[in-house]
Amino acid sequence: MNQLQSQSACPRVDIGGQAVMEGVMMRSPNAIAIAVRRPDKSIVVQCKPFEPLSKKHPWMGKPFIRGAVNLVTMLSSGMTTLSDSTRMLGILDEEPTKFEKWLAEKTGKGVDKIVMGVAIVLAVVLSIGLFMALPAGLESILRAAGMPPLGYTLLGGLLKIALLVGYMSLVSLMPDIRRTFQYHGAEHKTVYCHEANLPLTPANAQGFSRLHPRCGTAFLLIVFMISILLFLVLNVVFPISNYFLRLLMHLLMLPVVAGISYEVLKGLAHSESKISKILRWPGLQLQRLTTRKPDDGMLECAICAMNAALHGLPKHAKRTPEGWAILKSYEESDPAYQPPETEA
């Protein structure tokens, strides 16, 4: 039997993903799988059941509401995924320092959770400061100088986009981040391969683009564009001179912007009209900053994560004490794989 014919066994569904340190996360409608490459070249795979909030609370799946819900879910699950992938790599197995032991004892939580919590807080503060506080301040200054709403709203929005592009350009200069961006490219190529109903192999996946219309990078750009249009209307109808009130308005309108942007992203991603292709082009080009061409080993990780998200962990694979599967090659993640009799 061909080891790589499992695509026919599973109907095509939209798969989301995320690059992690030395690996990839893939999320199907009912599972989240992470595959990382350890220093010994083995691939360690974790798979957890996933149930969207919209299943428990149907109203959360309604158009324009689901965008804000997904934004919060992505932020929360994204941090959990990064924490899980770090543990899977085994780089947290060192003996904790005295300070770390004291901190864990005083807080009742592990050091990794404390560090992750601090990272989340810092990320939120940085995001609000860069993409809301600074643009709102510029708008207030320009408004006080007598500039009309159209002018200061556009300049405030352009500042957001410039900061986003500048930030992505700077972090891409870091070797570790560039390598993570390669895994981001591996994620996109593998998703494309799945969407084309081709066998999941590195050779097949390499033939696809590393730029995908449903990428979170494209979503961020759409968020900024929608916010420019929305705040242009608000600045004309409800002009606010106080800086702190303007900043508060930006914060309060974030769920509305996210809800609209999500629907726009979904609509553009699933349409092949000429207008849709033109509108999604800027988001695809922005991904040139956050993706890099992956090597075959990175694609193997992405394929393992995809197969696990679709089919679960292979039953024949060895397990770690945590229950993660240990694979020698990506072929072992395919449900059609038959281990040699000596391994059975």
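Taking each residue of segment 43-64 that is in contact (Cβ under 8 Å) with a residue 12 or more places away in the chain and looking for partners that are among the acidic types (Asp, Glu) and surrounded by 15 or more Cβ atoms within 10 Å (Cβ to Cβ) with beta-carbon atoms closer than 7 Å, six or more apart or interchain, yields 43/300; 46/84; 63/263; 64/263.
Within segment 140-162, is even one residue at pLDDT 90 or above, touching a helix residue (DSSP H, G or I) at 6+ places or on another chain (Cβ under 9 Å), under 17 Å from residue 290 (Cβ atoms) and not β-branched (Val, Ile, Thr)? Taking every residue of segment 140-162 in turn, at least one turns out to be at pLDDT 90 or above, touching a helix residue (DSSP H, G or I) at 6+ places or on another chain (Cβ under 9 Å), under 17 Å from residue 290 (Cβ atoms) and not β-branched (Val, Ile, Thr). For beta carbons closer than 6 Å, sequence separation of 6+ or different chains, a first residue in segment 150-178 that is under 26 Å from residue 249 (Cβ atoms) and a second that is surrounded by fewer than 15 Cβ atoms within 10 Å (Cβ to Cβ) and modelled with pLDDT of 90 or more, there are no qualifying pairs.
Per-residue answers, yes or no, for (1) more than 25 Å from residue 73 (Cα to Cα); (2) more than 24 Å from the chain's Cα centre (by Cα):
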| residue | (1), (2) |
| --- | --- |
| 147 | yes, yes |
| 156 | yes, yes |
| 168 | no, no |
| 200 | yes, no |
| 206 | yes, no |
| 213 | no, no |
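All of 140, 169 fail the test of being of a type in the set (Ser, Thr, Tyr) and touching a Phe, Trp or Tyr at 6+ places or on another chain (Cβ under 9 Å), apart from 140.
Taking helices (runs of 4 or more DSSP H) that do not extend beyond segment 184-272, which have at least 3 residues that are under 23 Å from residue 163 (Cα atoms)? Please lay out each step first, then the result.
Numbers: elements: 202-206, 216-237, 243-252, 254-269.
Result: 216-237, 243-252, 254-269.
Taken over segment 275-325, residues that are of a type in the set (Asp, Glu) and surrounded by 20 or more Cβ atoms within 10 Å (Cβ to Cβ) amount to 1. Residues of segment 164-180 that are of a type outside the set (Val, Ile, Thr) and part of a helix (DSSP H, G or I): 164, 166, 167, 168, 169, 170, 175, 176, 178, 179.
The values are calculated or read from the model by the stated rules, or taken from the named source; none is laboratory data. As the structure is a computational prediction, the values presented were derived from the model and not from experiment. For neighbour counting, all protein chains shown are included, and Cβ atoms are generated from backbone atoms with ideal geometry for every residue, glycine included.
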